[in-house]
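Notes for the one structure printed next.
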Amino acid sequence: MPTVAIVGRPNVGKSAIFNRLAQRKIAIVHDQPGVTRDRISAPCKATEHPCILIDTGGIGSTLDDGFAEQVTLEADIALDTADLILFVVDAHEGLTTIDSALSAKLRKAKSPVLLVINKVDHEKHENSFADLSRLGLGDGIAISAEHGRGFDRLVGAIDDHIAPLAGEIEEAVEEAEVRGIQLAIVGKPNAGKSSLINAILKDERTIVSDIAGTTRDALDVPYDYEGERFTLVDTAGLRPRAKRDTSVEVFSAMRSEKAIRRADLCLLVIDLAAGVSAQDRKIAQLIVNEQKPCLIVLNKFDLFHPGASMKERQKEADEQVRRELFFLSYAPFVCVSAKEGQAVHHVLKEALKIRKAAQNVPSTGVLNRMLKLAFQKNPPPTVGRGTKRLKLYYATTAINERYPIIPVPTFVLFVNDKQLMNPSYQQYLSNQLREAHPAPAIPVIFSIRSRRRRELDFKNKEY
């Protein structure tokens with residue numbers, strides 16, 4: 001759901017606004033500045049469209065217990081991840097230095113900002129905050145969190161901002177329910193993609209031929225299996241760009257690449273009898289670059305070392321795939337024979353397993369505990385004559401709501417300096433996450449973000 005962050009300096013009434021919008025007394029309301037130190041989130045009950053509220057600690061607070069820097073970091077994370085920001089100021093105190101510094105920062109935020117002028121308890125107070133227009137965030141919405149005055153207007157403004165986002169999400173969910181799990185079946189020419197679809201459908205719905213390039217368009221084929229809806233997308237075989245000798249083939253390849261981007265799950269079909277080729281690796285790299293879930297389908301298994309035992313054949317197939325497609329290690333595989341109809345039902349069964357496991361996305365708390373333990377087990381290496389080391393301050397999970405069937409989370413890591421994150425340590429963290437929270441076929445995606453001291457520390461001379 002869209003997220004709405006409530007930010008502002010200490011004691012302007014953020015928690016009171018949070019509680020009134022959530023219609024629950026969740027955040028602590030107190031006259032002492034700095035009571036709220038962590039981000040608190042809850043569903044908003046006041047708006048027509050669903051959204052998540054985030055209450056933050058007071059930015060720029062000077063606390064006597066050493067929490068000021070952490071409070072500022074928490075608020076900065078909220079600013080970086082929210083879809084809408086409510087900037088709360090105090091009508092009684094008017095324009096302050098911290099408010100001016102905050103507004104300068106918020107004007108650069110990627111998300112829209114609503115200026116909320118709190119503690120306007122009576123009409124006589126409405127003329128006392130004219131100087132707040134100098135913040136450059138519009139006239140603002142005058143409210144009283146204590147008495148509920150002006151909240152209808154505030155709720156309406158929030159709804160106006162999140163309605164397009166909510167509409168996009170609702171449309172994506174409705175579309176996903178209609179098409180079910182969308183499987184893009186990709187591979188090089190003659191790998192057996194169309195044969196696989198026909199074997200699943202038990203029908204010659206697509207054209208099967210020994211001539212490479214028979215399939216020109218990306219064809220959507222609906223199919224129900226065990227009460228679940230699938231959409232099978234048969235794509236043109238992807239040949240190397242240098243060998244695409246006609247404009248039709250070029251456009252066919254473009255449609256295949258588009259099918260990969262819009263799919264919930266990519267089925268990479270490989271001719272196991274011929275072995276993993278350079279073109280197979282290029283197609284696999286395309287899936288990795290698009291950060292898509294993937295299931296490898298090893299076709300023509302009946303022709304792969306037919307004289308050996310089943311156990312030996314599967315072991316050899318595993319070794320070959322892991323060796324040749326090491327960069328696609330997150331993708332499980334199934335061995336099938338589309339021509340003989342052997343084990344093709346395992347493809348859909350595996351897709352259902354992948355979808356089920358993907359729904360269990362680690363929460364922010366679980367994610368931070370996992371990463372903290374990983375850092376303790378194996379601290380990052382030092383850089384620059386042993387003087388610098390990567391430090392993790394906080395991690396959170398972002399989900400792309402446009403892909404509701406098989407979620408692919410992005411793990412956002414806030415660190416002291418993202419340049420200190422080397423590829424080997426990032427791979428270590430990826431392995432630790434997979435071990436602690438298995439999700440087969442789902443790529444682990446990190447977004448590493450530096451914590452800039454000048455932006456976070458309001459005791460800096462810049463502010």
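Put a dot 7 Å past the Cα of Ala398, heading toward its Cβ, do the same for Glu316, and the two dots end up 4.6 nm apart.
Largest accessible area first, the residues Glu316, Glu257, Glu435 order themselves as Glu435, Glu316, Glu257 under a 1.4 Å probe with ligands, DNA and RNA left out. So if R0 is 22 Å, what FRET efficiency would His305 and Ala278 give, r being the distance between their Cβ atoms, rounded to the nearest 0.05? So, using R0 = 22 Å, E works out to roughly 0.50.
With 25 Å as the limit, the listed pairs Lys202/Lys353; Lys202/Lys282; Lys292/Lys372; Lys292/Lys349; Lys110/Lys356; Lys105/Lys418 have Lys202/Lys282; Lys292/Lys372; Lys110/Lys356 beyond it between alpha carbons. Please report, in debye to the nearest 20, how large the charge dipole of segment 301-373 is about its Cα centre when each Lys and Arg carries +1 at its beta carbon and each Asp and Glu carries -1 there. It comes to approximately 500 debye. Around the amide H of Arg389, modelled in the peptide plane, lie the amide H atoms of Val383, all under 5 Å away and 5 or more residues distant in sequence or on another chain.
Across Thr410, Thr231, Thr97, the residue with the most accessible area heads the list, and the full order at a 1.4 Å probe is Thr97, Thr410, Thr231.
The values are calculated or read from the model by the stated rules, or taken from the named source; none is laboratory data. What you are looking at is a predicted structure, and each value in this text was computed from that prediction instead of being measured. Heads up, the Cβs are rebuilt from the backbone with ideal geometry, glycines too, and the neighbour counts pull from every protein chain shown. When the accessible area is computed, the model is the full protein with side chains, heavy atoms only, and any ligands, DNA or RNA have been set aside. Shrake-Rupley method; radii C 1.70, N 1.55, O 1.52, S 1.80 Å.
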